[in-house]
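Values in this text are rule-based calculations from the coordinates and carry no lab data. All values reported here derive from a predicted model rather than from experimental measurement. Methodologically, a virtual Cβ is constructed for each residue, glycine included, from the backbone with ideal geometry; neighbour enumeration extends over all protein chains shown.
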Amino acid sequence: MSFMTWFIYALALAPNSAGQPAGENGRIRRDVPHDLDVIVYDAEVTSATRVREAVEWVDEAGKLVGIATEDVLLLPTSLAPRALLNETEAKDVTTPQCTKTLLLPPNKGPSSENRHDRISAPARLNELMTASNTASSGTTEATEHTETLSASSDGKKAASRRFGVSYTPYRADQGCKSQGDIDNDFKRMAGSYSIIRIYGTDCNQVSMVYSAAKAHGMKLFLGIWNPSSLQEEANKIIAAVNGNWDVVDTVSIGNELVNNGKASPPELMSFISQARSVLRAAGYDGPVVAVDTFTAVLAHPKLCDESDYCAINAHAFFDGSVLPSQSGRWLYNTISGVRSAISDRNKKIVVTETGWPTKGASNGVAVPSLENQKIALQSIEEQFRGSPESIILFSAFNDLWKKKEMETFNADQFWGIEGAISACDEYLVEA
């Protein structure tokens, strides 16, 4: 097989802009994981297959920086994004197709001989959209699942038929928001979103958010942030809910733990099972899920098997080849690609983060701006008009407590929809 039939990218490297609480200081810095998967689109492959291959890692100039044996996920070329297919027709796979450089981790071992000799892979910090631009047939038709494209007859959505949105309870100075701050935020979100997603249990956030959500008739997507303190965080949720689980739609375990190298797939699946047992004993009978990037799920479909539904983070912005106006179709195709990889093709899939930043550095053709965010969200809304409850947008307000990092194109603070700023942070806005 010639190298020209391989379209290769490093997996699980692009953070999805969701900085969340961790540890005593309540903040976490995302680090590039050391254990990377590589996706290969192979014309001779008909279904997802995992192999061990020798990979040549090259920098942006195409210069060899190291060789290592890697886990390689083989996917059919029918799932490759159109932009990648078009580009590869004119370029050798060793031609740089990246926006940032990843050096080969020093702990990688020497290469081994295998049937494909060596694969040249550009080190890349963008997420890869691994679905085709044509709708799947049979059981993979999105119209048979939650991500239907059909619009309601009158164009109006009931409260339970609105998009969800993510939310964090931190002030710009990294302090905790008060109940008054949160009440004000929820008052602004009420009427626009059906589900509010939070990520952890610090800052007494579950109790305060629960109170605000109940007052405005909204549902909550709660989170146990750190599985190492699973029982402690579960107890905080149980105490805050106090037996009334009607407001709780879902409880998640971690956020992108596999993608960030913080947990192995078997460990995360065990955490899901443990959390489900604890929560069931407390009277909660709703979904318990693991949330990870779509690339992590493609590499490890069993993450969806253990979850009560498949929960993925997917941002077109990190692809680097997707225009804002293409965000909805990109997301649709991404979901279709995930569905083709998981064992139960009828399983519910919910996108737990998707959005577009308003400020930051450009990533290829993906340019942060208020206008581009508006275009991207409009594209997503039009694509998922028939199933808005399967999409959680990112995010309700600018997260000014986060740090700017070039790994995420200096955009982490600026994913708030319409550039919204929480009232408690408005003093930072220049007149």
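Distance between the pseudo-spin-label points of residue 176 and residue 428 (7 Å out from Cα toward the beta carbon): 1.9 nm.
Let me know the charge dipole size of the stretch 292-361 about its Cα centre in debye, to the nearest 20, where only the beta-carbon of Lys, Arg (+1) and Asp, Glu (-1) is charged. The dipole of the stretch 292-361 has a size of about 240 debye.
List, in the order given, every pair from 187/404; 214/402; 177/404 whose Cα-Cα distance in the structure shown is over 24 Å. The pairs that break the limit, which is 24 Å between Cα atoms, are 187/404; 214/402.
Taking each residue as 0.36 nm, the span from residue 405 to residue 305 lengthens on full extension beyond its C-alpha to C-alpha distance by 32.6 nm. With a Förster radius of 30 Å, plug the Cβ-Cβ distance of residue 43 and residue 344 into 1/(1 + (r/R0)^6) and report the FRET value to the nearest 0.05. Calculated value: 0.65. Taking the charge dipole of the stretch 328-431 about its Cα centre, with +1 at Lys and Arg Cβ atoms and -1 at Asp and Glu Cβ atoms, the residue from 368, 390, 343 reaching farthest to the positive side is 343.
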